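Undergrad: What follows is a structure written as structure tokens; I'll ask about it next.
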Amino acid sequence: MVLAAELSAELGMIPPSDAMRVKQHLAEVGLPTHLQDIAGFAQEGLADADALMTLMAQDKKVKRGRLTFILLEAVGRAVIAGDVEPSLVRDFLKTKLARKT
């Protein structure tokens with residue numbers, strides 16, 4: 001959920017402050033807010049953007065080879081986005097994997 005909010009902000013769909021609100025709320029209720037916080041993440045070999053992209057390509061929401069995302073146009077208002085460029089997603093994931101912020 002945090003990554004969806006942050007990707008939404010990266011795409012200019014919501015302000016970064018809304019993505020931060022989502023992240024803070026999830027942290028307050030004890031949910032992981034970083035990929036690296038997910039149990040078994042490193043052991044599964046997922047600390048690489050290309051590995052994550054490969055797994056995402058197997059998701060049931062993939063249509064005609066295109067990734068489909070559930071993103072935010074406002075906090076509490078999700079939209080289906082099927083037009084996100086894979087290279088942008090890969091770069092976004094690389095950034096998120098490189099730091100824990």
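The values are calculated or read from the model by the stated rules, or taken from the named source; none is laboratory data. Computed from a predicted structure; not experimentally measured. Methodologically, a virtual Cβ is constructed for each residue, glycine included, from the backbone with ideal geometry; neighbour enumeration extends over all protein chains shown. Each accessible area value is taken on the protein alone, full model and side chains, heavy atoms only, with ligands, DNA and RNA left out. Shrake-Rupley method; radii C 1.70, N 1.55, O 1.52, S 1.80 Å.
Undergrad: Rounded to the nearest percent, how much of the accessible area of segment 1-73 (1.4 Å probe, protein heavy atoms only) is carbon and sulfur?
TA: 56 percent
Undergrad: Can you sort 54, 95 by solvent-accessible area, 1.4 Å probe, largest first?
TA: I get 54, 95, largest accessible area first.
Undergrad: Among 29, 9, 56, pick out the residue whose Cα is farthest towards the positive end of the charge dipole of the chain, where Lys and Arg carry +1 and Asp and Glu carry -1 on C-beta, about the Cα centre.
TA: Comparing the listed Cα positions along the dipole, 56 ranks first.
Undergrad: Can you show me the helix-derived [θ] at 222 nm for the chain, built from DSSP H runs with n ≥ 4 at -39,500 (n - 2.57) apiece and divided by the number of residues, rounded to the nearest 500.
TA: -13000 deg cm²/dmol
Undergrad: In nm, what is the difference between 0.36 nm times the number of residues separating residue 27 and residue 1 and their Cα-Cα distance?
TA: 8.2 nm
Undergrad: Once you have the Kirkwood Rh of the chain from its Cα pairs, apply Stokes-Einstein at 4 °C and 1.567 mPa s and quote D in µm²/s.
TA: 91 µm²/s
Undergrad: Note down the relative contact order for the chain as a percent, whole number, built from C-alpha pairs under 8 angstrom at least six residues apart.
TA: Over the chain, the number comes to 28 percent.
Undergrad: Calculate the FRET efficiency for residue 42 and residue 90 from the Cβ-Cβ distance with a Förster distance of 22 Å, rounded to the nearest 0.05.
TA: 0.70
Undergrad: Still on this structure, I have one more. How much area per residue is accessible in the chain when the probe is 1.4 Å and only protein heavy atoms are counted (Å²)?
TA: 64 Å²
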